[in-house]
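Presented below is the structure to which this report refers.
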Amino acid sequence: MQPFAWLRASNEGDAVAAGARGARFVAGGTTLVDLMKQGVERPSAVVDIGRVPLARIEATPSGGLRIGALATNTDVAYDANVASRFAVLSQALLSGASPQLRNLATVGGNLLQRTRCPYFRDLGSACNKRAPGRGCDARGGFDRSHAVLGTSDACIATHPSDMCVALVALDAVVLTRGPRGARAIAVRDFHTLPGAHPDVENLLEPGELVTHVELPAQPAGTRSVYSKVRDRESFAFALASAAVVLHMEGGTIRRARVALGGVATKPWRSDEAERELVGKAPRLEVFASAASAAMHGATAGKHNAFKIALAKNVIASALARAAGLA
Ligand code: SF4
């Protein structure tokens, strides 16, 4: 690991000032420290933001929740309001990592997780995300875990987060504070597609700190489910996952949200699937059509074509569970 300066911030202003001077933020350290040990990340300065008071989970006046960026994944998953009113988020968090990691990992860090593409972490491989312009060894390589939606010639890496998939389905908003002031960014827009610049992964500007995530109130009676398929039952990333949120009234789906993980280069909201659902009765055939619509346009490589069929099954099954049909 190359030498780096270690700073500590006790408030948002100090953290943003250090970030604006080029320091990387660290809280739980469950991503950045690993990547620094591997030589993938080589910051010259790191600022510990673990003592900045941003760990509270509070109700908002409009009936939603405001979650501090330093709330741990465990605290959020077991929060009584999250578990009862935003079940999909609790389920997504508990399906990720291990209890030990969830005790340290924070909401802000989870939003900024970096890909688990093995070539990204192998300094001997070509990787446009790690070293822009060097090529992508995953293309034409072992791409079993890679994306089938949102890919580009430059990168096919999946976004690894479960939490972000649930946040997209909940229409969550990221609140930030940076050198140019405060911003609110919808989570669905927060992560960027790889395009020609896979090294750019989100809309944050240099020194901009994620301070909170806000969950808007859901209509009464809304039901939500997170479903995840992986190679083993714990401590594994999704091969395909789905976060679904349904609001039904009088035997009809009035509002639907469908988001996907494990299959796309960013947490993936499927407008196509939602259009197939709204206005219909909750039936298994409708869910199958929505699942097919969600994967329309998916493009597989040599080893990951199975993900397209798998994702359809995961989506349809999550919708059936949310509707009480499974
Ligand atoms: Fe790097 Fe993306 Fe290619 Fe993986 S898929 S090697 S992260 S450029």
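Between beta-carbons, use under 15 Å as the cut-off and find the net charge around R56, counting Lys and Arg +1, Asp and Glu -1.
-3
List, in order, the whole-Hz ³J(HN,Hα) value for each residue of the stretch 118-130 obtained from phi through the Karplus relation with A = 6.51, B = -1.76, C = 1.60 and θ = phi - 60°; use x for Gly and Pro.
With coefficients 6.51, -1.76 and 1.60, one gets x, 5, 4, 8, 9, 5, x, 9, 6, 8, 5, 6, 7 Hz.
Report relative contact order for the chain in percent, whole number only (criteria: Cα-Cα under 8 Å, sequence separation at least 6).
17 percent
Answer rounded, prolate or oblate for the stretch 242-326, using the Cα gyration tensor with square roots of eigenvalues a ≥ b ≥ c: rounded when a/c is under 1.5, else prolate when a/b is larger than b/c, else oblate.
Verdict is prolate for the stretch 242-326.
Could you size up the charge dipole of the stretch 215-326 around its Cα centre, putting +1 on the beta carbon of Lys and Arg and -1 on that of Asp and Glu, and report it in debye to the nearest 20?
Value, rounded to 20: 160 debye.
Tell me which residues come under 5 Å, amide H to amide H, from R24 once H is placed; ignore anything under 5 positions away on its chain.
A45, V46, V47
Could you pull out every residue, at least 5 positions away or on a different chain, whose amide H is within less than 5 Å of the one on A186? Hs are placed 1.01 Å off N in the peptide plane, and Pro or chain starts have none.
V174
Based solely on its DSSP helices, what 222 nm [θ] is calculated for the chain when runs of n ≥ 4 H residues each add -39,500 (n - 2.57) and the sum is averaged over all residues, nearest 500 deg cm²/dmol?
-7500 deg cm²/dmol
Summing Lys, Arg as +1 and Asp, Glu as -1, what charge do residues with Cβ under 10 Å from the Cβ of R8 carry, R8 excluded?
After counting each charged neighbour, the total is -1.
For the chain, what does the convex hull of the Cα positions come to per residue, in cubic angstrom?
127 Å³
Taking each full run of DSSP H in the chain as one helix, which ones are at least 20 Å long along their axis (Cα atoms) and have mean Kyte-Doolittle hydropathy of at least 0.0? Mind dumping the intermediate values first?
Working: long enough: 306-322 (24 Å, 1.05).
Within the chain the helices that satisfy the rule are 306-322.
Going by Cα centres, the stretch 284-302 and the stretch 23-97 are how many Å apart?
31 Å
So, in the chain, how many Lys pairs have Cα atoms under 17 Å apart, if the pair is 8 or more places apart or on different chains?
Lysine pairs satisfying the spacing and distance rule in the chain number 5.
What list of ³J(HN,Hα) couplings, whole Hz, do you get for the stretch 220-227 from phi and the Karplus terms 6.51, -1.76, 1.60, once you set θ to phi - 60° and write x for glycine and proline?
Result, rounded to whole Hz: 3, x, 5, 10, 9, 9, 10, 10.
Taking the Cα centre of the stretch 256-326 as the origin and placing charges on Cβ (Lys, Arg +1; Asp, Glu -1), which of A305, L319, V286 is farthest toward the positive end of the dipole?
Final value for the positive-end residue is A305.
In whole percent, how big is the carbon plus sulfur part of the accessible area of the chain, probe 1.4 Å, protein atoms only? Mind showing how you got there, number by number?
On the way: 7210 of 14110 Å².
Here carbon and sulfur together make up 51 percent of the probe-accessible area.
Tally Lys and Arg at +1 and Asp and Glu at -1 over the other residues with C-beta under 14 Å from the C-beta of L65: what net charge comes out?
-2
Return one whole number: the accessible area per residue of the chain in Å², for a 1.4 Å probe.
Per-residue value: 43 Å².
I need the shape label for the stretch 110-198. Rule: rounded when a/c is under 1.5, else prolate if a/b > b/c, else oblate, with a, b, c from the alpha carbon gyration tensor.
prolate
The values are calculated or read from the model by the stated rules, or taken from the named source; none is laboratory data. These numbers were taken from a predicted model, which means no experiment stands behind them. Cβ atoms come from the backbone with ideal geometry, glycine included; neighbour counts cover every protein chain shown. All accessible areas refer to the heavy atoms of the entire protein, side chains included, with ligands and DNA or RNA removed. Shrake-Rupley method; radii C 1.70, N 1.55, O 1.52, S 1.80 Å.
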